[in-house]
Structure formats: structure tokens, C-alpha cells
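The values are calculated or read from the model by the stated rules, or taken from the named source; none is laboratory data. All values derive from a computational prediction rather than experimental measurement. Every residue, glycine as well, gets a Cβ built from its backbone with ideal geometry; the counts of neighbours run over all protein chains shown.
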Amino acid sequence: MHEVTAIKSMMVIIKQKAEENNLSKVTKVNVVLGKFSGVTKEDFTYWFKELSKDSPAYGAAISFTEPMTPDIYLESIEG
């Protein structure tokens, strides 16, 4: 369940970036999800949807980059 912690941290960053860029709605998030992170795209997507409720990122499309690393982090947002 370490994806939950990572997504919670991402939500803080997404909210900050949305405010900095005067975005009321984030339409897309670009996420690095390393193949050795132990997190599947399906699990990430599920928890992102659950944890993004009441945020500018709710309903945003998720684009994944999957390097051969254990990394999980927010690469960028689009609005």
C-alpha cells in the first residue's frame, strides 16, 4: 500500500502546482511509475481516483512513464 503514501504526497504537489498556475481543473497528470516500484498501473489508478476526490485533479487522465527503476513520482500536470 505504499502507493497510497506516494499518491497523497502527489496530491499536495498537484494542489500547489494548480494554485501556482491558476488552474481550477487539472486535466492530465504525468506520472513516473517504475517497473520495480511494486505498484501496478491499475492499483495506482484506483487509489489516485479515490484520493483525488475534492481536488482539482479528480477525473484527470493519467499518463504513465515506466522506466526500469523503483521510482514513483509526479512528472508534470496539465490543465
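Looking at region 6-27 only, could you name the residues that are farther than 14 Å from ASP71 by Cβ and exposed (fewer than 14 other Cβ atoms within 10 Å of the Cβ)?
Residues satisfying the conditions are LYS8, VAL12, ILE13, GLN16, GLU19, GLU20, ASN21, ASN22, SER24, LYS25, THR27.
Can you find, within region 59-76, the residue that is nearest to LYS17 (Cα to Cα) among those that are at pLDDT 95 or above and surrounded by 15 or more Cβ atoms within 10 Å (Cβ to Cβ)?
The qualifying residue nearest to LYS17 (Cα to Cα) is ALA60.
Among residues belonging to region 28-48 that are charged (D, E, K, R) and touching a residue at least 12 places away in the same chain (Cβ under 8 Å), point out the one that is surrounded by the most Cβ atoms within 10 Å (Cβ to Cβ).
This residue is ASP43.
Got a sec? Which strands (runs of 3 or more DSSP E) wholly within region 13-79 have at least 3 residues that are in contact with a helix residue (DSSP H, G or I) (Cβ under 8 Å, 6 or more places away or on another chain) and either closer than 18 Å to GLU3 by Cβ or among the basic types (Lys, Arg) (or both)?
28-33, 72-78
Report, by residue number, each residue of region 22-40 that is basic (Lys, Arg) and within 13 Å of ALA57 (Cα to Cα). Break it down stepwise before answering.
Residues of region 22-40 basic (Lys, Arg): 25, 28, 35.
Selection gives LYS25, LYS28.
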